[in-house]
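Let me begin by presenting the structure, written as structure tokens, before commenting on it.
The values are calculated or read from the model by the stated rules, or taken from the named source; none is laboratory data. These numbers come from a predicted model, not from an experiment. We place every Cβ from the backbone using ideal geometry, glycine too, and count neighbours over all the protein chains shown. We work out accessible area using only protein heavy atoms, side chains counted, and drop any ligands, DNA or RNA first. Shrake-Rupley method; radii C 1.70, N 1.55, O 1.52, S 1.80 Å.
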Amino acid sequence: MKFYIIRHGQTNWNKEGRIQGKTDIELNEEGIKQAEEAKRILKDYPIDMIVSSTLKRARKTAEIINEAKNVPIIFKEALEERGFGEFEGKTQQEFQDEIWNSEILANYNLNKEYRGVETIQDLCNRVWNLIDELKDGYKDKNILLVTHGGVTRAINGYFNEANEEGILEDLNLHNCEIRTFEIKE
């Protein structure tokens, strides 16, 4: 069983360096082109189904990719971006200025809560539960997960443990970049 992970195409807020979180932003023109290119790349991948975040930017990316795959799509809130509370709409620089060490929000052991940002354990629990559900319910299937940058940290944490300090490493996916994880029985 393989999980292919793709981050949604670009939005205007991505381009501006703004934190989107749960704010439901559409793909921009570049994001649509990126999704079209991902469709071309994924055309020959052995994908049996697509599971996507419900947010517009991921949903549209999934729908464009599926034009070449024609497989079932399931939309799941569990793949929605991490909630960034008061920081949604702010720039990455404003976020960095406010939180001198943003890695503390990625420390699974600390599980820090700050100004409405969804805790790392809450994020991981919803994402890991979904992966377990998919793993159990679709054992022989290859699944494309269409999601968000923050969620990829939780996905990576499912397949790779936290480091010595408890930090779950980010995949640092660019828009429409693809990664593969395999589960061997």
Inside the range 136-158, the number of residues satisfying the requirement of being closer than 25 Å to Lys43 by Cβ, open to solvent by 30 Å² or more (accessible area, probe 1.4 Å) and out of contact with any Asp or Glu (no Cβ under 7 Å at 6 or more places or on another chain) is 3
Any residue that is exposed (fewer than 15 other Cβ atoms within 10 Å of the Cβ), of a type outside the set (A, V, I, L, M) and over 25 Å from Gly17 (Cα atoms) - is there at least one of those in the range 173-181? yes
Filtering the range 102-135 for residues that are more than 23 Å from Val71 (Cβ to Cβ), open to solvent by 50 Å² or more (accessible area, probe 1.4 Å) and free of Cβ contacts under 8 Å to residues at least 12 places away in the same chain leaves a count of 4
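Tally the residues that are part of a helix (DSSP H, G or I) and among the basic types (Lys, Arg), restricting the search to the range 54-111. Show your work before the answer.
Let us first name the residues in the range 54-111 that are part of a helix (DSSP H, G or I), namely 56-69, 77-79, 85-87, 92-98, 102-106.
Now restrict to residues that are among the basic types (Lys, Arg): 56-57, 59-60, 69.
Total satisfying the criteria: 5.
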Within the range 136-185, the count of residues that are under 16 Å from Asn107 (Cα atoms), of a type in the set (Asp, Glu) and under 14 Å from the mean Cα position of the chain (by Cα) comes to 2
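Table: residues versus (1) part of a helix (DSSP H, G or I); (2) among the hydroxyl-bearing types (Ser, Thr, Tyr).
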site: Asp122; (1), (2): yes, no
site: Asp140; (1), (2): no, no
site: Leu144; (1), (2): no, no
site: Thr152; (1), (2): yes, yes
site: Glu185; (1), (2): no, no
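Just to be sure, is Ile64 of a type in the set (Val, Ile, Thr), closer than 16 Å to Leu130 by Cβ and surrounded by 14 or more Cβ atoms within 10 Å (Cβ to Cβ)?
On the way: of a type in the set (Val, Ile, Thr): yes; closer than 16 Å to Leu130 by Cβ: no; surrounded by 14 or more Cβ atoms within 10 Å (Cβ to Cβ): yes.
Considered against the rule, which asks whether it is of a type in the set (Val, Ile, Thr), closer than 16 Å to Leu130 by Cβ and surrounded by 14 or more Cβ atoms within 10 Å (Cβ to Cβ), Ile64 comes out as no.
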Can you spot a residue in the range 12-19 that is more than 25 Å from Lys139 (Cα to Cα), crowded, with 20+ Cβ neighbours inside 10 Å and among the charged types (D, E, K, R)? yes
Search result, residues across the range 32-60 that are open to solvent by less than 10 Å² (accessible area, probe 1.4 Å) and either modelled with pLDDT under 95 or farther than 22 Å from Glu77 by Cβ (or both): Ala38, Leu42
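Taking the criterion of being part of a strand (DSSP E or B) and either closer than 18 Å to Val127 by Cα or modelled with pLDDT of 95 or more (or both), would at least one residue in the range 21-31 satisfy it? Give the steps one after another, and end with the answer.
In the first step, residues of the range 21-31 are kept if they are part of a strand (DSSP E or B); the result is 27.
Okay, now just the ones that are also either closer than 18 Å to Val127 by Cα or modelled with pLDDT of 95 or more (or both), so 27.
Looking through the range 21-31, at least one residue is part of a strand (DSSP E or B) and either closer than 18 Å to Val127 by Cα or modelled with pLDDT of 95 or more (or both).
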